[in-house]
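No value in this document is a laboratory result; all are computed from the given coordinates. As the structure is a prediction and not an experimental result, all values here were calculated from the model. Using ideal geometry, Cβ is built from the backbone for each residue, glycine included, and neighbour counts are taken over all protein chains shown.
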Amino acid sequence: MSETGNVAHAGADIPFRQINTIEPKAECEMRPDGSIIVRDPRPAREPERTIINYLRRWAQEVPDRAMLGQRDPAGGWSTISYGEMRQQADAVGQWLLDHGIAPGQTILILSPASIEHGILAMGAMTIGVTIAPVSPPYALQQSGWSKLQKVVDAVQPSAIFSQQAAPYADGVAAVSLDAVPWIVAEGEMPGLKLVSFCELLETRPTDAVEQACAKTGLDTVAKVLFSSGSTGWPKGIINTQRMMCLNQAYHDTIWHPDEHCGPFDTLNWMPWHHTMAGNGLFNRSLRQGGTYYIDDGRPIPGHFDSTIAALHEIAPHSYSDVPAGFAMLASALEDDSKLRDRFFSKLVFLQYAGASLPIELWQRWQDLSVQATGMRTPFLTGYGCTETGPSITQLYWAIEGSGYIGIPVPGVEMKLIPVDETRYEVRSRGGNVTPGYLGNDALYAEAIDDEGFYCTGDAATFINPDDPSEGFRFASRVAEDFKLLTGTFVAVGTLRAKAVGAMMPLISDMVITGQDKAWVGALMWPDVAACRKLIGDEGEAASDAQVIAHPDVRSAFAAKLAEFNSASGASSMRIARAILLNEPPSAEENEITDKGYVNQRRVLERRAELVAHLYEEPAAADTIAPA
């Protein structure tokens, strides 16, 4: 049972777990035009020539250590060792060469993370063939086929891969990929000419693999990663070996050499077609010689049990998730002290991505850490994007609270362009910036300024303007921010993070409304399980819609809104009215991304009528105003 109610909140007097990193250091160059260049003056370590160097190192030094693991049909863990991965990657490389798939060509990957996906990626990169993993819904859902066609037109794949054929058959047929070799890891499908993945593994490598590997280098294109396409057509972001290897060198520079190699265990559900997991977490585990366990769970109701089951077996070295996942896991650990203690037993740090972590949730995690270990556990988060593969900044020291993104990693420069009195648009320059968008030079020219800085479109603020080494806070996605009818500016990211935290545990997420309106509003997704507890026995038989509409639930929301508003200052930080949503965010309609965070702009577009309803006068009966 939970012990949370029996202990006081972990305070600042309780130490954090020790982390073995260098001291943070940042310097500012103030320019006459008002822009600021921020950099760590220390040089970064030299990067490897290719990410495959890590695989080959560990295959030689610890050939029997597991590199990847995934659930097998019996519920156990199937693993592949570093030695096996090296052998099978070379076999895949030889098969590709034998079939005319040469360096400079591309393989389109349609399915989620798997051991076979990993083998194919390592084999392709060994010989300089590019991989292009895409969001599976592009092929699985008819609504995604137009995006898949755009991807195919850009990539011109020489082969495609999926774990199975049947789920993807209609999507493949819709974009005329019939003439391209289709490699499948599991099962058969009558009427389709498929290449069994076993055929690749049975190929005997020759010197041709070594010759091709020797020709790869930092400028070899390793991947093309596609943006989510949530606000337009997906763009193909070129990821070179330089980008990936520099990212690992940056983090090697930050951490003490003892932390460069494991064996460390990683458990993660995030998709490999996104940079956070596909580059950040996968390559970090590879660099450290660790074991990466593929979690088949998701931080959404009905899918999280798989994650909990895996954590009963695997104690991670670090744990990365989106805020929604941390909220669900915190509840599970509060209810199960044995699982809590196991989770923290080897943990060094936590890391969130996709959105800022509400301070209330950060505190819950510190309470759990103290209960399990007697110490607090730092959240070492950072900031970056697909175009930087992914790192721009990193928080690598313990700090009180959430929302911090650290300082530029050694080797990366950050340019700050003033947005208002405290916020700056973030731009980044370094060897880790993408050399282009596939087939779209004009779009790339728009994304790079005249000094070679990539324009992120995000904003940050100094923690202490007099000491840049204290780092930065993420402020907002500039494109999401808006002005009220009064001209008052609303920083959506800041407001949303604070409001979500204040409304917990009754809420799972929200979007902020109010552009060109007189006041700020919100569309809120209730945490139905938490709301059900408010109405006791009556709630057990009630439908979700009945729970959300119950007077006690509505009163609780009104009271929390009033409490939040009373603690806020300007009108831009107060929510005047809200609607509780019964329909969850739709992945099919791009309201929620593969990484599990809500797309503010798309929700407002899709639910424009509901937003208009929120602003009706007099207020509609189904809206909630502060008590």
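Structure summary
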{"read-out": "Residues whose placed amide H lies under 5 Å from that of F264, excluding near-sequence neighbours", "value": "G290, T291"}
{"read-out": "Derived scalar couplings ³J(HN,Hα) [the range 316-330; Karplus, 6.51 cos²θ - 1.76 cosθ + 1.60; whole Hz; x for Gly, Pro]", "value": "x, 6, 8, 9, 10, 6, 7, x, 4, x, 5, 5, 5, 5, 4"}
{"read-out": "Trypsin sites (Lys or Arg not before Pro) lying in DSSP loop within the range 116-201, provided at most 12 other Cβ fall within 10 Å", "value": "K193"}
{"read-out": "Share, in percent, of DSSP beta bridges within the range 481-624 that are antiparallel, nearest 5", "value": "75 percent"}
{"read-out": "GluC sites (Glu not before Pro) restricted to DSSP loop in the range 516-596 with at most 16 other C-beta within 10 Å", "value": "E540, E588, E589"}
{"read-out": "Cross-link pairs beyond the 19 Å C-alpha cut-off, checked among K483/K560; K150/K223; K150/K235; K533/K560; K147/K193", "value": "K483/K560; K147/K193"}
{"read-out": "Antiparallel bridges, percent of DSSP beta bridges restricted to the range 52-211 (to nearest 5)", "value": "30 percent"}
{"read-out": "Rounded to 5, percent antiparallel among DSSP beta bridges of the chain", "value": "65 percent"}
{"read-out": "Sites A445 and R31, calculated FRET efficiency, Cβ-Cβ separation with R0 30 Å, nearest 0.05", "value": "0.85"}
{"read-out": "Whole-Å distance, taken between Cα centres, linking the range 54-86 and the range 276-332", "value": "18 Å"}
{"read-out": "Computed magnitude of the charge dipole of the range 93-200 (debye, nearest 20; Cβ of K, R +1, Cβ of D, E -1)", "value": "280 debye"}
{"read-out": "Rounded to whole Hz, the Karplus (6.51, -1.76, 1.60) HN-Hα couplings of the range 418-426, x for glycine and proline", "value": "x, 9, 8, 5, 10, 9, 10, 5, 9"}
{"read-out": "All Cα pairs of the range 481-624, percent lying beyond 23 Å", "value": "34 percent"}
{"read-out": "Amide H contacts under 5 Å for I592, placed H, 5+ residues apart", "value": "S586, A587, N599"}
{"read-out": "Length released on extending from A549 to A173, taking residue separation times 0.36 nm less the Cα-Cα span", "value": "130.9 nm"}
{"read-out": "13 Å beta-carbon shell around H550, net charge (K/R +1, D/E -1)", "value": "-3"}
